[in-house]
Amino acid sequence: GMPAVPPPVLAPRRPTRQIRVGKVAVGGGAPVSVQSMTTTKTTDINATLQQIAELTAAGCDIVRVAVPSQDDADVLPIIAKKSQLPVIADIHFQPKYVFAAIDAGCAAVRVNPGNIRAFDDQVKQIAQAATDAGVSIRIGVNAGSLDKRLLAKYGAPTPEALVESALWEASLFEEHGFRDFKISVKHHDPVVMVRAYEQLSEACDYPLHLGVTEAGPAFQGTIKSSVAFGALLAKGIGDTIRVSLSAPPVEEVKVGIKILESLNLRPRKLEIVSCPSCGRAQVDVYTLADEVTKGLEGMTVPLRVAVMGCVVNGPGEAREADLGVASGNGKGQIFVRGEVVKTVPESEIVATLIEEANRLAAELPPS
Ligand code: SF4
C-alpha cells in the first residue's frame, strides 16, 4: 500500500549529541524516551525488580534507582543484571558509589553538581572508568540542592544559576575528553524550569533530560509536567523525560507516554475521543467513557474510539474515529471505520464497543 505519512509534529527536534543509556539511545534524533525512578529500598532486591517489571510493562524505557548507602551499592550488580530496563544509579555525596555503579554494570550514573564537591579531584578517574565501561553520565542539577557558590552568586536558583552549575560540571569532565552526558536543570516552577532548559539548549548540544522536580501529587504534578514539557517539546527541546509525581512510578510513566503521544512524538495507541457532556446528552457520558477506557486498558495498537453523548457532534466524531458511538434516545449507533454497523440499547453500548475494539485490534499489526 501507500507509505504511511508520519503524523505532524509542532517542531523538528533540536539537534543534540547522541549518548547511550544501555540499549536506549538518547539524543541525536532518537525517539524521546520515558523514564522513572523506583520507590522501593534498592536493597530490597525482589521489590525493586518487581517494580522495574511493572515499569517495563507500562512502557518505561529507562529506570533509575537510588544509591544512598554501601548496602545499596552492593546490590547494584544483581539489579543491573536482572532489570529488563537500563538502570541509572542515582548518586549524591559519595564518589565511591559512582565507581561501584560503573563496576556493577549500570547503564548510566546520575550525579548532582550541588552535592558532589568531593568529586572534583576524582573527575579524571570517573571519566576514565565510565569511558572504559561505555557508561554515560547524567548531570542532574536540582534547584533544591544548587551549588552554594552559585546560590550566593545569583541569590536564588534562577535559570542562569541552574545552567551555570550544569555547564561548570560538564566542563570538568570535558577537560578529560568526556562528553557522554545528558543534562537536567530541574525546578519545581514550570516557568523557571522552561527558561532554564531554553538557555541550556542554546548553550550546549548535550541531550536534555526534562523534569519538573517536586511537581506534587498526581493531579498537580501531571499538569505542571505536561505544561512545561509541552512548552519545551513544542520547540524541539528535550530528549528524555521524567514526570515526577508523589504517586506510584507507573503513574509517572503513563503520564509521560501520554504527553509524548499527544505531541505525536510517540505513536498513539488507544485514544478515547469523548465529549464533556452537556445539557443535550442523552446518555451518561462519564460512565460510558470510563467503562470503555477501563475495558480497553493495555491496548497496544493505535485505535481511536469516540464516545459521544448526542447527535450534535456524535455522528461526525464517531465516523472519523476507528470506532465510535453516537447516542440518543436510549440507544447507541455503533460506527466502525465510518459506517453504522448496528444500533444497540444503551445497556449494551460498552460491551459492544469493547467487542468491536478487540476485533479491530486483532486485525492490526502491533505498533
Ligand atoms: Fe453535548 Fe452532544 Fe456535544 Fe456531548 S456531543 S457535549 S452531549 S452537544
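Some observations on this one:
- At most 12 other Cβ within 10 Å, DSSP loop - GluC sites (Glu not before Pro), region 108-206: GLU175
- For the chain, the Cβ-based charge dipole about the Cα centre amounts to some 440 debye (Lys, Arg positive; Asp, Glu negative; other atoms uncharged).
- In this simple spin-label approximation, GLU214 and HIS176 carry label points 7 Å from Cα along the Cα→Cβ vector, and these lie 3.1 nm apart.
- Other residues within the sphere of radius under 11 Å centred on the Cβ of ARG13, judged by their own Cβ, net out at +1 (K and R +1, D and E -1).
- Protein accessible area in the chain, 1.4 Å probe - carbon and sulfur %: 55 percent
- Using just its DSSP H runs of length 4 or more, each adding -39500 (n - 2.57), the chain gives a mean residue ellipticity at 222 nm of -12500 deg cm²/dmol after division by all residues.
The values are calculated or read from the model by the stated rules, or taken from the named source; none is laboratory data. For clarity, every value in this text was computed on a predicted model and none was experimentally measured. Positions of Cβ are generated from backbone atoms using ideal geometry, with glycine treated the same way; all protein chains shown enter the neighbour counts. To get the accessible areas, we keep the full protein, side chains included, count just its heavy atoms, and leave off ligands, DNA and RNA. Shrake-Rupley method; radii C 1.70, N 1.55, O 1.52, S 1.80 Å.
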